[in-house]
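Notes to accompany the following structure.
Values quoted throughout were computed directly from the atomic coordinates according to the rules given, and no laboratory measurement underlies them. This structure is a prediction, so every number in the text was calculated from the model and none was measured. Neighbour counts are summed over all protein chains in view; Cβ atoms, including those assigned to glycine, are modelled from backbone coordinates with ideal geometry.
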Amino acid sequence: MTFDEFRASLAAGQEPPGPPLVRALWHDARGNWDTAHRIAQDVPGADAAWVHAYLHRKEGDSGNAAYWYRRAGRTPTDGRLEDEWTALARALLNTSRDGSASA
């Protein structure tokens with residue numbers, strides 16, 4: 001799935017098939033933070049920690065977000081949430097094509 005197709009699925013309101021973290025971002029973009037968080041916390045690895053960090057930053061819990069950024073091996077950001085969401089989606093969609101981590 002391309003990034004544009006993923007964005008189109010948001011407008012269509014149909015959850016796309018795919019890896020759990022992509023689905024977590026889809027739910028977040030649709031306003032379902034709890035569902036997104038529930039999905040992300042059940043997935044291991046650095047990409048999941050990054051999604052988890054983003055979600056806690058969005059929630060306003062900077063301390064918890066900082067913990068998850070460390071787990072992800074990333075520097076906490078204070079940039080726009082929309083920009084981080086886009087970076088996450090692009091990285092995860094790229095990863096889902098070949099199975100290797102790109103982020």
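A few remarks follow.
- In the chain, helical runs assigned H by DSSP with n ≥ 4 each contribute -39500 (n - 2.57); averaged across all residues and rounded to the nearest 500, the mean residue ellipticity at 222 nm is -21500 deg cm²/dmol.
- Residue exposure proxy: Arg57, Arg71, ordered by other Cβ atoms within 10 angstrom of their Cβ from fewest to most, comes out as Arg71, Arg57.
- Taking the longest Cα principal axis of the chain as reference, the axis of helix 62-72 is set at about 70 degrees.
- Structural descriptor for the chain: relative contact order 24 percent, calculated from alpha carbon pairs under 8 angstrom and at least 6 residues apart.
- Cα-based Rg of the chain normalised by 2.2 N^0.38 Å, two decimals: 0.98
- Mean Cα-pair separation over length for the stretch 39-93, i.e. relative contact order, pairs under 8 Å, 6 or more apart, %: 32
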